Amino acid sequence: MHGLRIGVDARPALWKRMGIGTLCENFIRTVKDVDTLNDYFFYFDAPPEDIINKYRLGHCRFCKIRNKLLFSDSFIPSVLKKDNIDIYLSFLD
């Protein structure tokens with residue numbers, strides 16, 4: 001059986017550890033331990049080196065588009081298609 005390719009809008013993980021930022025970082029921290037069947041792709045709007053190193057993430061992309069609308073309507077659709085994503089998860093929309 002093949003797993004799914006799941007894209008995650010991980011921008012909130014770069015925010016202060018409050019609310020949605022904490023939720024997103026906890027998801028990133030735990031998902032690889034509880035779901036070994038699927039492949040996760042994490043998308044950021046700033047370089048996520050600290051998170052990549054902390055959680056040893058494999059599939060990460062970032063784009064320096066800080067405008068939320070442009071990020072969601074331009075970068076995300078193109079990268080989801082390029083990465084052949086089956087499911088997209090956002091903590092923001």
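The values are calculated or read from the model by the stated rules, or taken from the named source; none is laboratory data. Treat the numbers as computed from the prediction; the structure is a model and nothing was measured. We place every Cβ from the backbone using ideal geometry, glycine too, and count neighbours over all the protein chains shown. Side chains included, ligands, DNA and RNA excluded: accessible areas come from the protein's heavy atoms. Shrake-Rupley method; radii C 1.70, N 1.55, O 1.52, S 1.80 Å.
Heavy-atom surface analysis with a 1.4 Å probe gives the stretch 1-62 a carbon and sulfur content of 55 percent of its accessible area.
Rank by packing, highest mean first: peptides 21-27, 76-82, with packing defined as the count of other Cβ atoms within 10 Å averaged across residues.
Highest mean packing first, the order is 21-27, 76-82.
What does the C-alpha gyration tensor say about the overall shape of the chain? Classify as rounded when a/c is under 1.5, otherwise prolate if a/b is larger than b/c, or oblate.
Cα axes put the chain in the oblate bin.
A 1.4 Å probe, protein heavy atoms only, puts the accessible area of Lys54 near 130 Å². Computed on the stretch 11-58, with alpha-carbon pairs under 8 angstrom and 6+ residues apart, the relative contact order is 33 percent. In plain terms, the chain from Lys68 to Asp93 could stretch by 7.9 nm, reckoned as 0.36 nm per residue minus the Cα-Cα distance.
Each helix, a run of at least 4 DSSP H residues, gives -39500 (n - 2.57); summed and divided by the residues of the chain, these come to -9000 deg cm²/dmol at 222 nm.
With a threshold of 23 Å on the Cα-Cα distance, the over-threshold entries among Lys32/Lys68; Lys54/Lys82; Lys16/Lys68; Lys16/Lys64 are Lys32/Lys68; Lys54/Lys82. Sorted largest first by accessible area at a 1.4 angstrom probe radius, with every protein chain in place, the residues Tyr43, Tyr55, Tyr88 fall in the order Tyr88, Tyr55, Tyr43.
Can you give the local net charge around Phe71? Use residues other than it whose beta-carbon is closer than 9 angstrom to its beta-carbon, Lys and Arg +1, Asp and Glu -1.
0
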